[in-house]
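The next block holds one structure in the form of structure tokens; read it before the comments.
The values are calculated or read from the model by the stated rules, or taken from the named source; none is laboratory data. This is a predicted model, so every value here is computed, not measured. With ideal geometry, Cβ positions are generated from the backbone for all residues, glycine too; neighbour counts draw on all protein chains shown. Heavy atoms of the whole protein, side chains included, go into the accessibility calculation; ligands, DNA and RNA do not. Shrake-Rupley method; radii C 1.70, N 1.55, O 1.52, S 1.80 Å.
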Amino acid sequence: MEFEVVAKCPVTNARVSKMKLAHGVTVLPTFMPVATQAAIKGLTPQQVESLGINLILNNTYHLNLRPGIEVLREAGGAHKFQGWNHNLLTDSGGFQLVSLNKFTQITEEGALFESPFDGKPTMLTPEESISIQHAIGADIIMQLDDVVSSLTTGPRVEEAMWRTIRWLDRCIETHEKSGKVDTQNLFAIVQGGLDPKLRDQCVDEMINRKHRVAGYAIGGLSGGEEKDTFWRVIKQCADKLPFDRPRYSMGVGFAEDLLVCVALGVDMADCVFPTRTARFGVALTFKGPLNLRLSKHQAEMQPIDDTCPCPTCSSGTTRAALHHLVTLETVGAHAVTQHNLVFQARLMGRARDAIMNGTFPEYLKTFFADYFGDKGYPEWCVNALRSVGVDLLDGKDNTAVVTGSGAVWDRSE
Amino acid sequence: MSTLNFTIQTAEPLSQFTPRLGRLSLHRHEGPPAQDILTPALITTTSRGIVPHLSRDNVVATSPIAWTQVHFETFLEQTPPVLALHKGSHPLHTFLGYEPEKHILALSLRDPHDGQEMPPNTKEYVTCRCVRGVRRVSPASWRSLVLACKPDVVTALADTPFTPLPHSQKRITKSLERSTAWLADLLKPSQETVPTEHPAVLVQMAGGNEVRARKAFAEGLVERLYGKDQELVSPLQTLDEGIAGYVFDLVPLQLSLAPVAAARVEETVSSSAHERLLKASLAPLPITKPRIVHSARSPHTLLRLIQDIGIDLFDAHFAQRAADIGIALDFTFPAPYSTQTEEQHLALLPRKRENRTDLGHNLFAATYAHDHSCLAACFAGAASFPSISQLSSEFPVCLCGACSPRSYPSWIQHSALDTLPTDVGTFQKPFTRSYIHHLLHTHEMSSHTLLAMHNLTVMEAFLAGVRGVLSKVDGAKLFTEEVTRFHEVYDEHMVVFEEAKVEWASVERARGKGRLQREKPGNTTPLADSTAMSARVSEKGAL
Ligand SMILES: [Zn+2]
Ligand SMILES: [Zn+2]
């Protein structure tokens, strides 16, 4: 990997960088759509690349079950299997093991789980996770980490943090021995729960291994913790992580979360949210999400966003037409998915341009004013951005501030 | 007024029931003409107005999609129907995302494939179905809906009963009277002073399973009208003068012939019965108008209808349905010659049963998990050839988005630094059977997208093959030979369809269970946050 920071916001910690991988250059910060089963819901790879997207995520846990490593090896890896010629990232599979399997037990050796095929106890070790990811062949691969819910407290959090570091060492060993270090890049995952002391220790240990890892993810978040805690952990980690390594915040996809993370110095994020919410008929816009299922849209002869370059909006698909299709025809999901992926890409693309032009603080202010308008700004966003020198409320005496997660939804009839 | 010109291009002397080649040209009062269609040709079917599984960009990229059949009834769930609200010169095209230059939109009230029982029609209205239940549409409201949404072609309302059988003589007589009256109603010249787009009118051939009734209905169309009857449709002298083509829906016909087990009837039995009924309708009519059949069951049926009756347009319902249930079609017309060895094919041919080859591959089947070849053995992908000019000379090529995926000529740029790749517009490697097998088993929608594009393209290639043979010297004779050979090579019982349906249903069921598990609220995963949020939104949406 070649990683180069090309611009830094003079106010916040946001930066623009170029990440050159085996399948091309991806400019950061960026959002990565999730193709869990080696397909972005309903779209062909040709459609996805035409949206201006060149880095997507596959889930190791799922691909290991289906189609299985043997098939992927025969096909020459996941890129060829799914016809995706651009950059690809795989997770370690550990997170799904814990979240989708009730009976997974973590031991020092690895994660012991019931095989979904035959119910037999099966072990996923750090070595095994890396070798599966080698077969998949993604440009970025993730270490196996010991995942605990962000709501867990007590000694288990510390245990998981130290084990994650030991597992990182095992992943590094396996990866370096494989001869794949030139084409596949291993990322470490910072754990430590919501405890600042543990996070500090974890980051320090992982920085010690910097010359053997290509980038860092901030894990163990987005699991229902308070947003105010979430951003503080992100900031703490991003502040300490090396400047010359990409930083990846896992499971982040709401627009306001993404921009706050970028301001705190995060470069990459992924989430199923934009594609999943599209299937429920929710279109994302710079003025907040639109629930196209609501009957108020049934006769609206305007696109979701007439400034949007996505195939749905630029071909003039009306909200009324989408209302007629969403949740009843797969084509409705395709159309909203195309739009939502372009929305995420525009959100991040505008951030890149603003950082390059030195106008990122203004971009943040404009975004929050448009997106939350008179509904009120989430307090946690105000606090998080104040911590990096941007006061969203500056000159906004009449803007309300709301506590809680603050996500806006189009739910009034 | 849109006019649909049909010119028969068969050189040989033509009789009432011989195969024929034709060219359909649509001229619109406003706007561009649509691309001509060569017949025998394909009709793409729709659901809720759209081609199932194909987003707008994929519809445009799928060249066989030309004549597209939209049924209005699904739009009746809203009052007024949203289709009738759109303005402009091609509101139906614009609203549904079709291109006037490429797509001829034909509108009918009812879905021709829906054979479910319905409440009776009356003198005043036709009953039809939308997701919110049964709706009634009067001839007057049909006329105004049609004039508002301006399709290129429209089928007049017909009184086709979907009530329990048998239908009495009296009922059939009523059906003829109403269908004739409703046709006349649609043919009435527009009262408006400003000339407006008036679609070309097709007529559904009434008369059920009675030869005499069908004949009587057809004779009524060409009968010279007098007095009030004539004044109504003046300047037309006969109803037929205002008719652009004749439509046969096989579903109600099949129901009336074999009400108990419509789907199970031996094809050969029903086909001769169909043939008799279709011929009874067509015999009194001029041979120069296009003849349209909906819901033909198989390519074998299509060939017989072309050969024995001279049908010109067929819907692709069976091929599109195949995409829903995981089948990749793999056949050609003429059927491959036996001199072609297995090695000349790029991939394994479909399964053989009692010496007859399946029409396609049930990609759900476990055998395809490790089959990394392209979808069809009969077709290569464009990427196997150095240039587009070298295509098809050596081997048929399927230019669908699955066999010959092509990167888009332009990409969206999101920031000044984004660098676009240089290989835009090039053909990529075909998607494989193993990939679609995987997508089917993981319930990914892309599987149906790829199969829909492929199956429509295979059907178009099939009909292009038919046209190719018919255009040869001595075409009719060669065609008969090739039809016989096609029947010898390919399995008509379509067992592979039944097998695929079973597997499709079991994956659907498994998914139902899995989904409950997965989306149970309260699990603390990063996904849970957004799932719960979406669930809340959708609950609100359902209010
Ligand atoms: Zn859009
Ligand atoms: Zn194809």
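Scanning region B:75-96 for residues that are out of contact with any Ser or Thr (no Cβ under 7 Å at 6 or more places or on another chain) and either open to solvent by 30 Å² or more (accessible area, probe 1.4 Å) or within 28 Å of B:PRO40 (Cβ to Cβ) (or both) yields a total of 10.
Applying the selection to region A:71-85, what residues are open to solvent by 10 Å² or more (accessible area, probe 1.4 Å) and at the interface with chain B (Cβ under 8 Å from one of its Cβ atoms)? Those that are open to solvent by 10 Å² or more (accessible area, probe 1.4 Å) and at the interface with chain B (Cβ under 8 Å from one of its Cβ atoms): A:GLU74, A:ALA75, A:LYS80, A:GLY83, A:ASN85.
Checked against (1) within 21 Å of B:VAL211 (Cβ to Cβ); (2) open to solvent by 30 Å² or more (accessible area, probe 1.4 Å), B:ILE172 passes all but a single condition, namely (2). Going residue by residue through region B:327-346, is there one that turns out to be within 26 Å of B:VAL495 (Cα to Cα), of a type outside the set (Lys, Arg), within 16 Å of ligand 2 (Cβ to nearest atom) and within 14 Å of another protein chain (Cβ to nearest Cβ)? No: region B:327-346 contains no residue that is within 26 Å of B:VAL495 (Cα to Cα), of a type outside the set (Lys, Arg), within 16 Å of ligand 2 (Cβ to nearest atom) and within 14 Å of another protein chain (Cβ to nearest Cβ). Which ones in region A:349-369 are touching a strand residue (DSSP E or B) at 6+ places or on another chain (Cβ under 6 Å) and facing another protein chain (nearest Cβ under 7 Å)? Within region A:349-369, A:ARG352, A:MET356 meet the criteria. Looking across region A:220-254, the residues that are more than 14 Å from A:TRP380 (Cα to Cα) and in a helix (DSSP H, G or I) come down to A:GLN236, A:CYS237, A:ALA238, A:ASP239, A:LYS240.
For beta carbons closer than 9 Å, sequence separation of 6+ or different chains, a first residue in region A:23-44 that is under 13 Å from A:THR60 (Cα atoms) and open to solvent by 10 Å² or more (accessible area, probe 1.4 Å) and a second that is acidic (Asp, Glu) and part of a loop (DSSP other than H, G, I, E, B), the qualifying pairs are A:THR36/B:GLU444; A:GLN37/B:GLU444.
To keep it simple, each residue is scored yes or no on (1) within 20 Å of the chain's Cα centre (by Cα); (2) over 22 Å from B:TYR408 (Cβ atoms); (3) at pLDDT below 95; (4) within 11 Å of chain B (Cβ to nearest Cβ).
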{"position": "A:VAL262", "(1), (2), (3), (4)": "yes, yes, no, no"}
{"position": "A:THR275", "(1), (2), (3), (4)": "yes, no, no, yes"}
{"position": "A:GLY281", "(1), (2), (3), (4)": "no, yes, no, yes"}
{"position": "A:GLN302", "(1), (2), (3), (4)": "no, yes, no, no"}
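Candidates A:LEU364, A:LEU392, A:LEU341, A:LEU322: the one that is closer than 18 Å to A:VAL16 by Cα, open to solvent by less than 10 Å² (accessible area, probe 1.4 Å) and more than 16 Å from ligand 2 (Cβ to nearest atom) is A:LEU364. So which residues in region B:300-326 are within 16 Å of ligand 2 (Cβ to nearest atom) and either on the phi > 0 side of the Ramachandran plot or open to solvent by less than 10 Å² (accessible area, probe 1.4 Å) (or both), if there are any at all? Hits for region B:300-326 are B:ALA316, B:ALA319, B:ALA322, B:ALA323, B:GLY326. Quick one: in region B:433-455, which of the residues that are open to solvent by 10 Å² or more (accessible area, probe 1.4 Å) and assigned to a helix (DSSP H, G or I) is farthest from ligand 2 (Cβ to nearest atom)? Applying the filter and picking the extreme gives B:HIS441.
Condition check ((1) assigned to a helix (DSSP H, G or I); (2) at pLDDT 95 or above; (3) within 21 Å of A:GLY68 (Cα to Cα); (4) within 13 Å of ligand 2 (Cβ to nearest atom)) across all residues:
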{"site": "B:PHE364", "(1), (2), (3), (4)": "no, yes, yes, no"}
{"site": "B:HIS370", "(1), (2), (3), (4)": "no, yes, yes, no"}
{"site": "B:CYS378", "(1), (2), (3), (4)": "no, no, no, yes"}
{"site": "B:SER393", "(1), (2), (3), (4)": "no, no, no, no"}
{"site": "B:CYS400", "(1), (2), (3), (4)": "no, yes, no, yes"}
{"site": "B:CYS403", "(1), (2), (3), (4)": "no, yes, no, yes"}
{"site": "B:PRO409", "(1), (2), (3), (4)": "no, no, no, no"}
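Go through the residues of region A:5-22 one by one and say whether even a single one is open to solvent by 20 Å² or more (accessible area, probe 1.4 Å), touching a residue at least 12 places away in the same chain (Cβ under 8 Å) and within 18 Å of the chain's Cα centre (by Cα). Yes.
The single residue among B:SER25, B:SER63, B:SER15, B:SER47 that is within 14 Å of chain A (Cβ to nearest Cβ) and either within 20 Å of B:ARG467 (Cα to Cα) or modelled with pLDDT of 95 or more (or both) turns out to be B:SER47.
For region A:279-323, enumerate the residues that are in contact with a Lys or Arg (Cβ under 7 Å, 6 or more places away or on another chain), away from ligand 1 (no atom under 13 Å from the Cβ) and in contact (Cβ under 8 Å) with a residue 60 or more places away in the chain. If the condition is that a residue be in contact with a Lys or Arg (Cβ under 7 Å, 6 or more places away or on another chain), away from ligand 1 (no atom under 13 Å from the Cβ) and in contact (Cβ under 8 Å) with a residue 60 or more places away in the chain, then A:ARG279, A:ASN291 are the ones that fit. Tallying residues that are within 14 Å of chain B (Cβ to nearest Cβ) and farther than 9 Å from A:ALA188 by Cβ within region A:198-228 yields 10.
Checked against the criterion of being facing chain B (nearest Cβ under 7 Å) and either in contact with an Asp or Glu (Cβ under 7 Å, 6 or more places away or on another chain) or within 29 Å of A:ILE355 (Cβ to Cβ) (or both), the candidates A:ALA14, A:ALA39, A:ALA35, A:ALA22 yield just one match: A:ALA39.
Looking at the structure I just gave you, is A:GLY373 more than 7 Å from chain B (Cβ to nearest Cβ), more than 16 Å from ligand 1 (Cβ to nearest atom) and modelled with pLDDT of 95 or more? Answer is no for this residue. Does B:PHE462 fit the bill of being surrounded by 18 or more Cβ atoms within 10 Å (Cβ to Cβ), over 25 Å from the mean Cα position of the chain (by Cα) and in the same structural domain as B:GLY381 (by TED's automatic domain parsing)? When the stated conditions are applied, B:PHE462 does not pass them. Here B:LEU478 does not fit the description of being surrounded by fewer than 20 Cβ atoms within 10 Å (Cβ to Cβ), away from ligand 1 (no atom under 16 Å from the Cβ) and modelled with pLDDT under 95. In region A:286-293, the condition of being away from chain B (no Cβ under 11 Å) and either outside any loop (DSSP other than H, G, I, E, B) or crowded, with 21+ Cβ neighbours inside 10 Å (or both) is met by no residue.
The condition (being among the aliphatic types (A, V, I, L, M) and within 13 Å of another protein chain (Cβ to nearest Cβ)) is satisfied by just one residue among A:VAL266, A:VAL331: A:VAL331. Among residues of region B:395-420 that are facing another protein chain (nearest Cβ under 7 Å), those with a beta-carbon under 8 Å from a residue that is within 16 Å of ligand 2 (Cβ to nearest atom) and open to solvent by 30 Å² or more (accessible area, probe 1.4 Å) at least six positions away or on a different chain give the pairs B:GLY401/B:ALA61; B:PRO405/B:PHE427; B:PRO405/B:LYS429; B:PRO405/B:PRO430; B:ARG406/B:ALA61; B:ARG406/B:PHE427. Return yes or no: is A:MET250 touching a residue at least 40 places away in the same chain (Cβ under 8 Å), open to solvent by less than 10 Å² (accessible area, probe 1.4 Å) and outside the structural domain of A:VAL331 (by TED's automatic domain parsing)? So A:MET250 does not fit the description; no. B:GLU275 passes every criterion in (1) at pLDDT below 80; (2) open to solvent by 20 Å² or more (accessible area, probe 1.4 Å) apart from (1).
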